[in-house]
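Student: Got a structure for you, questions after.
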Amino acid sequence: MVGRSRHYRVADTAQQVVGGFLLAGPFVVTEEVWLLASRMGLVNVLATVVIVFGIGYGALYEADDDRDPDREAEVAGVPIRFVSLMGVSYGSVLVLAIAVTAPTTFAGQLELGTTLPEVAALTAKSVCVGAIFSVVGAATADSVF
């Protein structure tokens, strides 16, 4: 990209937010996602986290030859752009889920426990599933725009 700075800017996070919310929406309100999440164990949750981090890193730094993680500003050795991408990927799913009352709606509809710890655990698992899709939108928006 000639004449375009590839350094991280706050506008990059704004672009990530748009892409992250765009792809997160359909999965937040889908009962199947919440059902799958209700049956996930720790290994499954960790697998989704690895997938999200892998997609995010690959989309930002492997698919884009103009970006070099070693030349970007860092937080604790991790590029700020990547930290932002992960925050947006998980955060957009969580914000949407809470905004549309998905955690309590699906916990009740699936006849799962409705105590705060049970709903929180279900929500965390569902956010991990939704982040798989949100990271694609967030990374794409960051790379394209």
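Student: I'd like to know if region 49-58 contains one or more residues that are touching a Cys at 6+ places or on another chain (Cβ under 8 Å) and in contact (Cβ under 8 Å) with a residue 40 or more places away in the chain.
Tutor: Yes.
Student: For region 70-109, which positions are surrounded by 14 or more Cβ atoms within 10 Å (Cβ to Cβ) and either small (Gly, Ala, Ser) or part of a loop (DSSP other than H, G, I, E, B) (or both)?
Tutor: Of everything in region 70-109, those that are surrounded by 14 or more Cβ atoms within 10 Å (Cβ to Cβ) and either small (Gly, Ala, Ser) or part of a loop (DSSP other than H, G, I, E, B) (or both) turn out to be Glu72, Ser84, Gly87, Ser89, Gly91, Ser92, Ala97, Ala102, Ala107.
Student: From the list Ala131, Ala139, pick out the single residue that is modelled with pLDDT under 95 and under 10 Å from the mean Cα position of the chain (by Cα).
Tutor: Within the list Ala131, Ala139, the selection yields Ala139.
Student: Which of the residues that make up region 110-143 are part of a helix (DSSP H, G or I) and either among the hydroxyl-bearing types (Ser, Thr, Tyr) or free of Cβ contacts under 8 Å to residues at least 24 places away in the same chain (or both)?
Tutor: Scanning region 110-143 gives Leu116, Pro117, Glu118, Val119, Ala120, Ala121, Thr123, Ser126, Ser134, Thr140, Ser143.
Student: Applying the selection to region 59-79, what residues are small (Gly, Ala, Ser) and touching a residue at least 40 places away in the same chain (Cβ under 8 Å)?
Tutor: Ala59, Ala63, Ala73
Residues are listed down the side, and each one gets a yes or a no for (1) crowded, with 19+ Cβ neighbours inside 10 Å; (2) assigned to a helix (DSSP H, G or I); (3) at pLDDT below 90:
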residue: Gly25; (1), (2), (3): no, yes, no
residue: Glu32; (1), (2), (3): no, yes, no
residue: Leu36; (1), (2), (3): no, yes, no
residue: Met40; (1), (2), (3): yes, no, no
residue: Val49; (1), (2), (3): no, yes, no
residue: Ile55; (1), (2), (3): yes, yes, no
residue: Asp64; (1), (2), (3): no, no, yes
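Student: Among the residues of region 1-23 satisfying the criterion of being among the hydrophobic types (A, V, I, L, M, F, W, C) and assigned to a loop (DSSP other than H, G, I, E, B), which is nearest to Gly113 (Cα to Cα)?
Tutor: So, considering only residues that are among the hydrophobic types (A, V, I, L, M, F, W, C) and assigned to a loop (DSSP other than H, G, I, E, B), the one nearest to Gly113 (Cα to Cα) is Met1.
Student: Just checking, does region 46-54 include any residue being aliphatic (A, V, I, L, M) and farther than 17 Å from Gly130 by Cβ?
Tutor: Checked against the condition, which is being aliphatic (A, V, I, L, M) and farther than 17 Å from Gly130 by Cβ, region 46-54 yields no hits at all.
The values are calculated or read from the model by the stated rules, or taken from the named source; none is laboratory data. Bear in mind that the values here come from a model prediction, so they are computed numbers and not experimental data. So basically every Cβ, Gly included, is an ideal-geometry build from the backbone, and we count neighbours across all protein chains shown.
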